[in-house]
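No value in this document is a laboratory result; all are computed from the given coordinates. Quick caveat: nothing in here was measured; it's all calculated off a predicted structure. Glycine also receives a Cβ, built like all others from the backbone with ideal geometry; neighbour counts cover every protein chain displayed.
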Amino acid sequence: MAAIDEGGKLPDIQLSTPGGGQLNLRDYLGKPFILYFYPKDDTSGCTREAQDFSRLLGEFRAQGAEVLGVSRDTPIKHQKFIDKYDLTVPLASDDKNQAMDAFGVWVQKSLYGKTYMGIDRSTFLFDAEGTLVRAWRKVRVPGHVIDVLEALKELG
């Protein structure tokens, strides 16, 4: 399946949430939506990114937008991550890799000469109609959340 590109539509995909709930990505239609994928709870870069999104969540919501972070970690692990760092950004689990496959973020990576499959840190900005207006791939965490907020403001 080809990855969703700018101009593509928000897919109909179910994810699991901490506390045993479910959500569908299409639940976010009607407002701007930031979807970010990150490799693993409680690692340095992922913690920093979640803290940055949490710190600025009020500003995203003041622009009418919602934010959701997604990884393969279980809902229980997400809850521990949220509790440990007092995160306010919502998190969801994609244990079936449906969203990651749809967005092309489940990729082959390599570390110290070994190859493995993992999540390519990426962020996607959708408008209120569910159209992808901006994609950031191979994200570097420092300053990234500010860039996303600025792009949201430009969306108007």
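Structural remarks
- If you take all other residues with their beta carbon under 11 Å from the beta carbon of Glu66, and give Lys and Arg +1 and Asp and Glu -1, the sum is +1.
- The residues neighbouring Asn97, those whose beta-carbon lies less than 15 Å from its own, together hold a net charge of -1 under the Lys/Arg +1, Asp/Glu -1 convention.
- Cα centre as origin, Lys/Arg/Asp/Glu Cβ charges: the chain dipole, Debye: 460
- Rounded to 0.05, the FRET efficiency of the Leu29 and Glu150 pair, given R0 = 22 Å and the Cβ-Cβ distance, is 0.40.
- Here the sum of -39500 (n - 2.57) over DSSP H runs of 4 or more residues, divided by the residues of the chain, equals -9500 deg cm²/dmol at 222 nm, to the nearest 500.
- When the chain is treated as a Gaussian network with alpha carbon springs shorter than 10 Å, the biggest mean-square fluctuation among Leu91, Leu23, Leu35 belongs to Leu23.
- In the chain, taking the dipole from charged Cβ atoms about the Cα centre, the farthest positive-side position among Leu57, His78, Thr88 is held by His78.
- Rounded to the nearest whole Hz, the Karplus-based 3J(HN,Hα) values (6.51 cos²θ - 1.76 cosθ + 1.60, θ = phi - 60°) of the stretch 98-112 follow the sequence 5, 5, 4, 5, 4, 9, x, 9, 8, 10, 7, 10, 9, 8, 6, with x at glycine and proline.
- Note on the chain: GNM, Cα springs under 10 Å; of Lys96, Lys80, Lys114, the largest mean-square fluctuation is that of Lys114.
- Ordering Thr88, Thr123 from the fewest to the most neighbouring beta carbons within 10 Å gives Thr88, Thr123.
- Equivalent ellipsoid of the stretch 14-155: semi-axes from √(5λ) of the C-alpha gyration tensor, largest first, are 22, 17, 16 Å.
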